Amino acid sequence: MIKAMLHRCLDNGTLSEQEAELLMGEIMHGRLADSQIASFMTLLRFRGETTDELVGFARAMRGMAEPFPVQLERTIDTCGTGGDGLGTFNISTATAIVLGSMNIPVTKHGNRSVSSKTGSADVFEALHIDIQTSVTEAATMLTEQSLCFMFAPLYHPSMKHVMKTRKELGFRSIFNLLGPLTNPAGAKHQLVGVNSRATADQFGHVLQRLGTTHSVIVSGADGLDECAIHGETYLVDVKEDTIDAITIKPEDVGFTCGSLASIRVQTPAESADLIHQVLLNEAPQEAIDIVAFNAGVALYAGDYVSSIHVGIEEAKRTIANGQSQLYLTSLQSKKRGIKHA
């Protein structure tokens, strides 16, 4: 059956939701050769994944994830697809910290970098925050300090069967897309960054079918997988029964249109340093604004504010008054001790 699916994809055919779920289950059980996994990853990247395929793949991964013992109402995830190639600092991580400092429950799903310069796991480590926490420890962190990082390999141990192939191929693949769709805590509210409007539209339908309560998918100018400060942002606002799309310019929400130059980094350490500067309210204005923008949209997706505009103002105040920096310091003081190279 797997070979038949592969041949169908070679002929530009597609898989049903059920077939995709079966295929991912076989991959996660280690029943496919590396060459077969690489073939599927490459074919799907060139052809493009269908909505049915994404839903099926996500259901399989969700079903095999480590169960999370805590379910809090209106928990938010800020995991995006990554791999946009623009080299910006890890905005979704900074956004998660700002939200946590506001006592908003955040289950930040993420991994090390595979197709970008700074994965969220790399940046959390550079911030001296432990990523190697057990499920029980993460649940305690969520209830006691509002934020836990869910390191994908610990919650999706079956991903070990694809890591070698992902690293060898090195390009953005189906597994980048699945990260935001497979939050182990089952977060029903999400801010998801993707690198194209077409993907944003598709993710709206995928998340709705997967049972989201309220999520916002964003795609910024030049393929930035965040709300953009240097141009337009396309937002897909997804609720249980509705999907709406709008385009927002920085000026529409009180920002000055800037550039990406001051928010580009080369290493996780540089990303962590810029996050520190943002939380101290001492970073270049573009960096502060882009975090406030994304945090504001996340607050809206979590139904904590009535509009994106209100969310942005709340995020601005939280950064400006030093609350987020104090919160980061408290997170660092609770680390169990990470050995750094």
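The values are calculated or read from the model by the stated rules, or taken from the named source; none is laboratory data. Remember, predicted model here, so these are calculated numbers, not experimental data. Note: ideal-geometry Cβ built from the backbone for every residue, glycine included; neighbour counts use all protein chains shown.
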Tally up the residues in the range 209-231 that are crowded, with 18+ Cβ neighbours inside 10 Å, without any contact (Cβ under 8 Å) to a residue 40 or more places away in the chain and either of a type in the set (D, E, K, R) or not in a strand (DSSP E or B) (or both), please. 1
Conditions first: (1) surrounded by fewer than 23 Cβ atoms within 10 Å (Cβ to Cβ); (2) at pLDDT below 95; (3) out of contact with any Leu (no Cβ under 7 Å at 6 or more places or on another chain). GLY82 passes all but one, so which condition is the exception? (1)
When you scan the range 240-341 for helices (runs of 4 or more DSSP H) that lie fully inside it, which ones turn up with 2 or more residues that are within 18 Å of VAL218 (Cα to Cα) and of a type outside the set (Lys, Arg)? 285-301, 308-320
Matching residues in the range 124-180 - criterion: being in contact with a Ser or Thr (Cβ under 9 Å, 6 or more places away or on another chain), under 18 Å from VAL98 (Cα atoms) and hydroxyl-bearing (Ser, Thr, Tyr): SER146
Restricting to the range 65-118, and then to whatever is assigned to a loop (DSSP other than H, G, I, E, B) and of a type in the set (Lys, Arg), can you tell me which residue is farthest from ALA187 (Cα to Cα)? LYS117
Only one of (1) on the phi > 0 side of the Ramachandran plot; (2) touching a helix residue (DSSP H, G or I) at 6+ places or on another chain (Cβ under 7 Å) fails for GLY223. Which number is that? (2)
Looking at LEU22, LEU15, LEU72, LEU6, which is the one that is modelled with pLDDT under 95, among the aliphatic types (A, V, I, L, M) and farther than 21 Å from MET150 by Cβ? LEU6
Could you count how many residues in the range 17-64 are in contact (Cβ under 8 Å) with a residue 12 or more places away in the chain, within 22 Å of the chain's Cα centre (by Cα) and not in a helix (DSSP H, G or I)? 2
Of all residues in the range 78-108, which are within 12 Å of the chain's Cα centre (by Cα) and farther than 19 Å from GLU125 by Cβ? THR81, GLY83
Can you confirm whether PHE175 is more than 24 Å from THR50 (Cα to Cα), touching a residue at least 12 places away in the same chain (Cβ under 8 Å), crowded, with 17+ Cβ neighbours inside 10 Å and of a type outside the set (S, T, N, Q)? no
Lone qualifier among ALA261, ALA320, ALA272, ALA301 - being at negative phi, touching a helix residue (DSSP H, G or I) at 6+ places or on another chain (Cβ under 6 Å) and not polar (S, T, N, Q): ALA272
Qualifying position, being in contact with a Leu (Cβ under 7 Å, 6 or more places away or on another chain) and either touching a residue at least 12 places away in the same chain (Cβ under 8 Å) or not charged (D, E, K, R) (or both), among LEU274, LEU260: LEU260
Return a yes/no flag: does the range 148-160 have any residue that is touching a helix residue (DSSP H, G or I) at 6+ places or on another chain (Cβ under 6 Å), aromatic (Phe, Trp, Tyr), within 23 Å of ILE290 (Cβ to Cβ) and buried (at least 17 other Cβ atoms within 10 Å of the Cβ). yes
Any chance the range 46-62 includes a residue that's among the acidic types (Asp, Glu), within 17 Å of ILE263 (Cβ to Cβ) and buried (at least 18 other Cβ atoms within 10 Å of the Cβ)? no
Do you know which residues across the range 254-303 are of a type in the set (Val, Ile, Thr), more than 30 Å from LEU72 (Cα to Cα) and under 20 Å from the mean Cα position of the chain (by Cα)? ILE263, VAL265, THR267
Among the residues in the range 101-108, are any over 19 Å from ASP289 (Cβ atoms) and free of Cβ contacts under 8 Å to residues at least 24 places away in the same chain? no
